[in-house]
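The values are calculated or read from the model by the stated rules, or taken from the named source; none is laboratory data. Nothing here was measured: the structure is a model prediction, and the numbers come from that model. Neighbour counts are summed over all protein chains in view; Cβ atoms, including those assigned to glycine, are modelled from backbone coordinates with ideal geometry. Accessible surface areas use protein heavy atoms only, side chains included; no ligands, DNA or RNA. Shrake-Rupley method; radii C 1.70, N 1.55, O 1.52, S 1.80 Å.
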Amino acid sequence: MICLEFRRLKLADPRRLGEDANRHHAACPNCAAFSDSVDAAERDLQAVLAVEVPDGVNERILLQPRPRQPLLGRKAVWAALTTAAIMVGAFMDFAWVLKDVPAQELARRVIDHVAMEPNALTTAGTAQPGALAASIEYVGGTVQKRQARVRYLELCPVAGRIGWHFVLETASGPATLIVIPDQKATAAVLTLGGWKALVRPMPHGYYALVTPASIEPADLERNLGIEFPELAKPTLTLAQLGKSLVHPQE
Amino acid sequence: MLAGKKARFETAVRAYSADLYRFAWWMCQDRFVAEELVQETFTRAWKSWDSLQDPARLRAWLYSILRNECSRAFVTARTRQTAALDLEQDLPTVASIEADLEIRQIIELLPPEYRVPLLLQSIGGFSCRDIASMLAISEGAVMTRLTRARRALRDHWRVQGQRREVG
């Protein structure tokens, strides 16, 4: 084995060297020294990776309510759902049978989230250019003006879902944009406790703008140039929808 | 039957939740999101528990579920790049290292194509062959990515060492 190969193997997996590599290690002082330095670096890496685990994680996992076993087999359940869907689908858009989150409740919860994270409004973090536009596009909108100044970006759980939490620099001070994919919502405006919130449903989720009460979220929305299309109707035919239910995607 | 399943599930939670949490944390750098991801991982694992045919694959299976949860939570959204991405360009550069970044920030700057294999190996304890199977890429590709990730870290340590000597 040549030194180059040994070093490649050592960097690829410091703790698993084969017999050939071990023989080279024993025979080559330079590679042995290299190996020692990699091992030292690996110990430092392990120490850094071992972040503290919050207390009680196991208990919170074990205390989560577990889904009950279905009475019917999986295929029978989906077949029953498909039949019901086809029967009612002639009279309504099937996608909207899914339960909406109550509008005012959602607006209240995003205000609570912003109010509970005051550090976000004063922290300057890093955000990749285009992150705001990308998140809006992800839920089905577009951003025409891409010069919004993002001073903070973090993934946050909001109202039971994980999404993006942006803090934007505006002429009137910091404002918050929360983008939540894959959560149905209804449009809402709410003033509560010195804050104003605007919830805007999108084809694939929603976004919410939260501002101090002196600022109108709708003005900020216009300034950002967010375009939200009319919520798309389902593009599948009923027969196709039925088939898609019989073969659900994980 | 259910009692046995519950007991095995609890054993798995106690054995693997800590390292799964650490993996999730390094993917999102947020302790609340990381815990949510681990919670969801075990919820999905419970639902599909009976589909796990080989108990020896439990650990790899849990990490695969977690990686899918990370994808759903968009913690790797920035990495949805084409296969033709020049990965060299995305490694932390010497300039960024000379900006005195901590090793933690170096890891955070690693693109997921490098970070995921490194975490699977260093936290999960998986071999290159296991990782290749989990990521559906060749073992050679895994080894290349791990080598490059560790070289980026070694460059950082070398610069830090030189600074200490000068200082």
Can you pull out the residues in the stretch B:27-36 that are more than 7 Å from chain A (Cβ to nearest Cβ) and farther than 17 Å from A:Ile61 by Cβ? B:Met27, B:Gln29
Only one of (1) buried (at least 17 other Cβ atoms within 10 Å of the Cβ); (2) more than 17 Å from A:Ala218 (Cα to Cα); (3) within 14 Å of chain B (Cβ to nearest Cβ) does not apply to A:Asp182, and that is (1)
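Kindly indicate the residue of the stretch B:126-143 that is within 9 Å of another protein chain (Cβ to nearest Cβ) and crowded, with 19+ Cβ neighbours inside 10 Å and also nearest to B:Ala56 (Cα to Cα) among those meeting that condition. Steps first, answer last, please.
Pass one, the stretch B:126-143, residues within 9 Å of another protein chain (Cβ to nearest Cβ): B:127-128, B:142-143.
So of that shortlist, the ones also crowded, with 19+ Cβ neighbours inside 10 Å come out as B:128, B:142-143.
Numbers: B:Cys128: 17, B:Val142: 22, B:Met143: 24 Å.
Taking the candidates together, the pick is B:Cys128.
Got a sec? Which of A:Pro102, A:Pro65 is at pLDDT below 90, away from chain B (no Cβ under 14 Å) and either open to solvent by 60 Å² or more (accessible area, probe 1.4 Å) or touching a Ser or Thr at 6+ places or on another chain (Cβ under 9 Å) (or both)?
On the way: A:Pro65 fails: away from chain B (no Cβ under 14 Å).
Every option except A:Pro102 fails the conditions.
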I'd like to know if the stretch B:32-53 contains one or more residues that are open to solvent by less than 10 Å² (accessible area, probe 1.4 Å) and in contact (Cβ under 8 Å) with a residue 40 or more places away in the chain. yes
Of the conditions (1) loosely packed, with under 13 Cβ neighbours inside 10 Å; (2) away from every other protein chain (no Cβ under 12 Å); (3) part of a loop (DSSP other than H, G, I, E, B), A:Glu52 fails just one. Which one is it? (2)
Pairs returned, first residue in the stretch A:1-21 that is over 16 Å from A:Asp36 (Cα atoms) and more than 9 Å from chain B (Cβ to nearest Cβ), second residue that is in a helix (DSSP H, G or I) and open to solvent by less than 100 Å² (accessible area, probe 1.4 Å), beta-carbon separation under 6 angstrom, 6 or more apart or interchain, are A:Met1/A:Asp20; A:Met1/A:His24
Given (1) modelled with pLDDT of 90 or more; (2) in contact with a Leu (Cβ under 7 Å, 6 or more places away or on another chain), number of the condition A:Pro29 does not satisfy: (2)
